[in-house]
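What follows is calculated from the coordinates using simple rules that are stated; it is not laboratory data. Treat the numbers as computed from the prediction; the structure is a model and nothing was measured. All Cβ positions, even for glycine, are placed from backbone atoms using ideal geometry, and neighbour counts span all protein chains on display.
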There are 2 protein chains.
Amino acid sequence: MTSNTRATSSTDATGRALPHPSREEIRLEAVLHALSDPLRLRIVRDLATDGGELSCSHFDLPVTKSTTTHHFRVLRESGVIRQVYRGTAKMNGLRGEDLEHLFPGLLDTLLAAADRQAVRLGDDG
Amino acid sequence: MTSNTRATSSTDATGRALPHPSREEIRLEAVLHALSDPLRLRIVRDLATDGGELSCSHFDLPVTKSTTTHHFRVLRESGVIRQVYRGTAKMNGLRGEDLEHLFPGLLDTLLAAADRQAVRLGDDG
């Protein structure tokens, strides 16, 4: 009943909320689809590197704002990230625990594969 | 110069060949896209279980023949499988060595994740 019990709430003070799949609703195919786009993969790599939450505006992607919003939505609806309002900012964080529970080792292996490819192709950073 | 040196040829006696990406051309994003479809994931799981080559007709998928052909083409063009003509049959095999070289552990982790999900959802086998 205290605010502590709502630490993962995705609503803000005015009750805005974004729909997320429950852990049980997350599907491997949707996760792989979400990560099959270069920009979405880059977002996930940045979130993994940071380890915490990043605002959408942190990401300077070479696409329009509406396309950026679309990419975050695909990541959220697939269960890869959680998006929560904190004041006026929409914050994004990886659902690492959920993914690890469902697919042990998968996220780490995917991130390692992405790192390896970035080094190989010389487009890291 | 002997037939042994052409063991991985994708041409048949009449010279038919199917285009494949070289190992260096394989991209993680394309591999993940290829595996983001339930039927393509099923094909890959069957190929992994078999460990060798299977003909397209081995797979009794609940879609039209042209859709089946499409799915195999996506898997081939992403570098997940190699398709070779053997006489009149088009045979399919996982490019396990190429994928392991590029993305160590990825294919095994993905297959384990797919197995785990199939058990969890009760749709294995």
For segment B:17-110, evaluate the Debye formula with one uniform point scatterer on each Cα (no solvent term) and list log10 I(q)/I(0) at q = 0.12, 0.13, 0.21, 0.22 Å⁻¹, rounded to two decimals. -0.33, -0.39, -1.06, -1.17
May I ask you to report, in nm to one decimal and beginning with the shortest, the distances from A:R73 to the same position in the other copies, taking label points 7 Å along Cα-to-Cβ? 3.0
When you count, for each residue, the other Cβ atoms within 10 Å and take the mean per peptide, how do A:59-69, B:97-107 rank with the highest first? B:97-107, A:59-69
Partner chain coverage, peptide A:39-47 - average Cβ within 10 angstrom: 1
Rounded to the nearest 20 debye, what is the charge dipole size of segment A:31-108 about its Cα centre when +1 sits on each Lys and Arg Cβ and -1 on each Asp and Glu Cβ? 340 debye
Calculated label separations, A:V119, copies of the chain, 7 Å along the beta-carbon direction, nm: 3.2
At 0.36 nm per residue, minus the direct Cα-Cα distance, what do B:H101 and B:R116 gain on full extension? Give it in nm, one decimal, please. 3.0 nm
Residue order, fewest to most beta carbons within 10 Å, for A:E53, A:E24: A:E24, A:E53
When each copy gets a label point 7 Å from Cα toward the beta-carbon at B:T49, what are the spacings between them in nm, shortest first? 4.1
Averaged over B:109-116, how many beta carbons belonging to a partner chain fall within 10 Å of each residue's beta carbon? 5
Enter the mean number of other protein chain beta carbons within 10 Å of the beta carbon of each residue in B:19-32, as an integer. 3
